[in-house]
Amino acid sequence: MAVRYTATIAWERGGASFTDLRYSRGHRWIFDGGVEVPASASPRSVPLPMSVAEAVDPEEAFVASVSSCHMLWFLALAAKEGRVVDSYRDEAWALLGPGPDGRVAILEVHLRPRIAFSGGDPGPEGLARLHHAAHAECFIANSIRGRVLVE
């Protein structure tokens, strides 16, 4: 069964001349629950002041989506095994560069979760098994070309 997800992306020129390419890349992401997120091109791609350093850029959102999906599956799978997770923190990162076809793409996403359990720690082998299962279930990871590595 297919499920449809939506997001509204809103940008306004705000009086900039536009054709000189010096317009703001700042915009908003609006989600169905009413949350609005300030967004922008990355300052690594578009120099300030045309980008907004304090906003989320698509590359950061991509990494966060992969990490969040993996975490949510990990938590569900751990709970089904009767394991109690107290905390999960992932300082994930991605590598952007030219792919085999020469086009720029996210080549790799590195997940670096640190997880605390209340008793019932699965040990290294159990942890690897849970991460492998979470990765297999994560539809975001299943939708991308680049590699996802759990460190």
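The values are calculated or read from the model by the stated rules, or taken from the named source; none is laboratory data. If you're wondering where the values come from, they're calculated on a predicted model, not measured in any experiment. Don't worry about glycine lacking a Cβ; one is built from the backbone with ideal geometry, like all the others, and counts go over all protein chains shown.
In table form, for the structure just shown:
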item	result
Whichever residue in the stretch 101-151 is part of a loop (DSSP other than H, G, I, E, B) and in contact with an Asp or Glu (Cβ under 6 Å, 6 or more places away or on another chain) and, among such residues, is surrounded by the most Cβ atoms within 10 Å (Cβ to Cβ)	Gly146
Any hit, the stretch 23-31, residues being in a loop (DSSP other than H, G, I, E, B), modelled with pLDDT of 95 or more and loosely packed, with under 15 Cβ neighbours inside 10 Å	yes
Some residue of the stretch 53-68 being more than 25 Å from Leu149 (Cα to Cα) and of a type in the set (A, V, I, L, M)	yes
Pairs, first in the same structural domain as Phe62 (by TED's automatic domain parsing) in the stretch 95-106, second part of a loop (DSSP other than H, G, I, E, B) and surrounded by 10 or more Cβ atoms within 10 Å (Cβ to Cβ), C-beta under 6 Å, six or more apart	Ala105/Gly99; Ile106/Gly146
Hey, Pro38 in contact with a Lys or Arg (Cβ under 8 Å, 6 or more places away or on another chain), loosely packed, with under 13 Cβ neighbours inside 10 Å and either modelled with pLDDT of 95 or more or not in a helix (DSSP H, G or I) (or both) or not	yes
Residue match in the stretch 73-80 (condition: in the same structural domain as Gly146 (by TED's automatic domain parsing), buried (at least 16 other Cβ atoms within 10 Å of the Cβ) and under 15 Å from the mean Cα position of the chain (by Cα))	yes
Breaking point among (1) buried (at least 17 other Cβ atoms within 10 Å of the Cβ); (2) in a helix (DSSP H, G or I); (3) under 14 Å from the mean Cα position of the chain (by Cα); (4) of a type in the set (Gly, Ala, Ser), for Ala94	(2)
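Let's see how each residue does on (1) in contact with a helix residue (DSSP H, G or I) (Cβ under 6 Å, 6 or more places away or on another chain); (2) among the hydroxyl-bearing types (Ser, Thr, Tyr):
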position	(1), (2)
His70	yes, no
Phe74	yes, no
Lys80	no, no
Asp86	no, no
Trp93	no, no
Pro98	no, no
Ser118	no, yes
